[in-house]
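Take a look at the structure set out below.
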Amino acid sequence: MVFSYSDSVYPIRADFGEAHRAYWHELARPGCWWNGAERVAIAAAVRSARDCGLCAERKQALTPNAVQGEHADAGVLPTVAVEAVHRITSDPSRLSKAWVDGLAKQGLSDAAYVETVGIVGAVVSIDSFHRNLGLPLEPLPKPEGGEPSGYRPPSAEPGEAWVPWIRPEKASGSETDLYFGMARVPHVGMAMSLVPDAVRAMGRLSEAQYIALAIVAMPGRNQPGRALERAQIELVAGRVSALNECFY
Amino acid sequence: MLLRESGAMEGRVFDPRAVTDASVASGVPFGEELVAFASASVTGSEAELAQHREALEAAMGVEAMVDAAGVAANFERMVRIADATGIPLDKPVAVFTVGLRQELGIDAFGAARNTPKVGALLAALGRLGQPLARRLMARYAGRS
């Protein structure tokens with residue numbers, strides 16, 4: 001069984017394993033814009049970005065655009081997708097709207113980009129959990145067959161983000177469940193709604209690793225069963241965000 | 001902001017500067033160990049991470065250390081979602097945190113350009129309105 005944390009030297013809550021297994025299963029299946037093999041290749045590219053010479057050089061440069069070259073990656077992904085995965089993984093604080101628009105001009109649609117963001121974020125966080133506990137990384141899943149659905153939510157529209165999103169009042173039909181009926185949703189909760197399943201996956205992982213998204217904006221409220229107080233959780237969250245130079 | 005407000009909800013005062021300056025005492029119980037572990041998670045070597053993992057476990061217990069490992073991992077994801085989609089701060093947060101952001105120095109982060117500048121008048125109103133905002137948040141959280 002994947003993510004069998006019962007073998008770990010640490011007592012790891014069961015919901016960590018459940019959430020990580022559920023994501024691995026989802027990762028292997030066709031998404032909206034990438035098939036299973038491509039989604040797993042995105043996950044592999046996240047891991048190869050860590051040892052990528054071009055990413056390391058760019059990270060040191062005054063501006064990432066000053067360094068040209070090829071990323072270390074031998075996967076099945078188009079070059080533009082590899083660039084997206086590596087930059088989001090290794091240098092997220094210096095991304096720009098111009099860069100995202102440039103990816104679109106090279107053929108990476110806004111929705112495929114959002115699906116990519118979701119996969120990168122999930123794999124980075126699951127791998128980071130393992131690293132934080134000194135555990136070996138879980139082998140990537142075997143891709144399942146099938147084609148991407150091509151689903152683009154009709155209610156998605158341009159907003160304040162670089163990519164279209166679904167506003168809470170427009171979350172109806174297939175997207176009724178997306179925001180748990182909340183009238184106000186933090187921007188980070190709406191950010192990937194152009195690919196609704198990416199939002200759902202974010203919610204499941206957050207509930208295990210952090211707290212349920214429905215109570216994030218309620219300071220002082222905590223997820224039952226946590227060994228950390230809410231303030232202790234937010235201290236860790238704030239420190240990690242600050243070191244990543246994340247303004248949001 | 002969630003750190004500061006989490007304390008305020010319980011009548012405690014925490015210093016949010018600890019997130020940008022590890023030498024500042026947050027006032028959060030076991031804050032020093034938590035900040036050291038979170039720092040090692042992002043920037044530390046495997047050896048440093050192991051050292052702070054053990055220190056946190058010794059201070060708070062293994063369950064708390066595992067929870068902290070999960071939170072730190074989760075925010076490696078959240079920062080990438082926020083930065084890769086260019087989301088601005090939510091408007092009320094932008095208005096109510098003008099002073100806090102200046103204090104923490106995070107307006108210098110590159111992604112700050114995604115959030116429109118808050119005018120001086122609105123920023124002043126935000127400062128004045130903080131007690132009301134706090135009461136609304138408490139009501140929202142079902143704790144008042």
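The values are calculated or read from the model by the stated rules, or taken from the named source; none is laboratory data. Because the structure is a prediction, the values reported are computed rather than measured. No Cβ is skipped: glycine too gets one built from the backbone with ideal geometry, and neighbour counts run over all protein chains shown.
Looking for whichever is within 10 Å of another protein chain (Cβ to nearest Cβ) and either surrounded by fewer than 24 Cβ atoms within 10 Å (Cβ to Cβ) or at pLDDT below 95 (or both) here; the options are A:GLU169, A:GLU160, A:GLU144, A:GLU175. Which one fits?
Numbers: A:GLU169 fails: within 10 Å of another protein chain (Cβ to nearest Cβ); A:GLU144 fails: within 10 Å of another protein chain (Cβ to nearest Cβ); A:GLU175 fails: within 10 Å of another protein chain (Cβ to nearest Cβ).
Matching residue, one of A:GLU169, A:GLU160, A:GLU144, A:GLU175: A:GLU160.
Filter region A:42-69 down to residues that are closer than 18 Å to A:VAL117 by Cα and among the small types (Gly, Ala, Ser) and give me whichever is nearest to the other protein chains (Cβ to nearest Cβ).
If we take residues in region A:42-69 being closer than 18 Å to A:VAL117 by Cα and among the small types (Gly, Ala, Ser), then A:ALA49 is nearest to the other protein chains (Cβ to nearest Cβ).
Filter region A:180-198 down to the residues that are crowded, with 23+ Cβ neighbours inside 10 Å and either free of Cβ contacts under 8 Å to residues at least 60 places away in the same chain or part of a loop (DSSP other than H, G, I, E, B) (or both) and list them by number.
A:VAL185, A:GLY189, A:MET190, A:ALA191, A:MET192, A:SER193, A:LEU194, A:VAL195
Can you say whether A:ILE126 is within 13 Å of chain B (Cβ to nearest Cβ), buried (at least 20 other Cβ atoms within 10 Å of the Cβ), in contact with a helix residue (DSSP H, G or I) (Cβ under 6 Å, 6 or more places away or on another chain) and within 30 Å of A:SER6 (Cβ to Cβ), as far as the supplied structure shows?
Considered against the rule, which asks whether it is within 13 Å of chain B (Cβ to nearest Cβ), buried (at least 20 other Cβ atoms within 10 Å of the Cβ), in contact with a helix residue (DSSP H, G or I) (Cβ under 6 Å, 6 or more places away or on another chain) and within 30 Å of A:SER6 (Cβ to Cβ), A:ILE126 comes out as yes.
Considering only residues that are of a type in the set (Gly, Ala, Ser), in a helix (DSSP H, G or I) and more than 23 Å from A:ALA242 (Cα to Cα), look in region A:70-123 and name the one that is nearest to the other protein chains (Cβ to nearest Cβ). Spell out how you get there, then give the answer.
Narrowing region A:70-123 to residues of a type in the set (Gly, Ala, Ser): A:72, A:74-75, A:81, A:84, A:90, A:93, A:96, A:98, A:102, A:104, A:107, A:109, A:111-112, A:118, A:121-122.
Next cut, in a helix (DSSP H, G or I) only: A:81, A:84, A:90, A:93, A:98, A:102, A:104, A:111-112, A:118, A:121-122.
Right, trim to more than 23 Å from A:ALA242 (Cα to Cα) and you get A:81, A:98, A:102, A:104, A:111-112.
On the way: A:ALA81: 13, A:ALA98: 10, A:GLY102: 14, A:ALA104: 13, A:ALA111: 12, A:ALA112: 13 Å.
In this case the residue turns out to be A:ALA98.
Is there a residue in region A:61-81 that is under 24 Å from A:ILE126 (Cβ atoms) and either within 19 Å of the chain's Cα centre (by Cα) or not assigned by TED's automatic domain parsing to the domain that holds A:PRO153 (or both)?
Yes, some residue in region A:61-81 is under 24 Å from A:ILE126 (Cβ atoms) and either within 19 Å of the chain's Cα centre (by Cα) or not assigned by TED's automatic domain parsing to the domain that holds A:PRO153 (or both).
Does any residue in region B:67-86 that is surrounded by fewer than 24 Cβ atoms within 10 Å (Cβ to Cβ) come within less than 6 Å, Cβ to Cβ, of a residue that is not in a helix (DSSP H, G or I) six or more places away or on a different chain, and which pairs are these?
If the second residue must be not in a helix (DSSP H, G or I), the pairs left are B:GLY86/A:ALA161; B:GLY86/A:TRP162.
Which numbered condition trips up B:ALA141, out of (1) surrounded by fewer than 20 Cβ atoms within 10 Å (Cβ to Cβ); (2) modelled with pLDDT under 85; (3) under 24 Å from A:MET218 (Cα atoms); (4) more than 8 Å from chain A (Cβ to nearest Cβ)?
Unmet condition: (4).
The rows are residues; the columns are (1) more than 9 Å from chain B (Cβ to nearest Cβ); (2) modelled with pLDDT under 95; (3) within 30 Å of B:ARG53 (Cβ to Cβ).
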{"position": "A:PRO139", "(1), (2), (3)": "yes, no, yes"}
{"position": "A:SER155", "(1), (2), (3)": "yes, no, no"}
{"position": "A:GLY181", "(1), (2), (3)": "yes, yes, no"}
{"position": "A:VAL199", "(1), (2), (3)": "yes, no, no"}
{"position": "A:GLY220", "(1), (2), (3)": "no, yes, yes"}
{"position": "A:PRO224", "(1), (2), (3)": "yes, yes, yes"}
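Would you be able to say whether some residue in region B:50-58 is closer than 23 Å to A:SER206 by Cβ, out of contact with any Pro (no Cβ under 6 Å at 6 or more places or on another chain) and at the interface with chain A (Cβ under 9 Å from one of its Cβ atoms)?
Yes: one or more hits.
Going by the conditions given, is A:LEU243 within 7 Å of chain B (Cβ to nearest Cβ) and either surrounded by 21 or more Cβ atoms within 10 Å (Cβ to Cβ) or touching a Ser or Thr at 6+ places or on another chain (Cβ under 7 Å) (or both)?
yes
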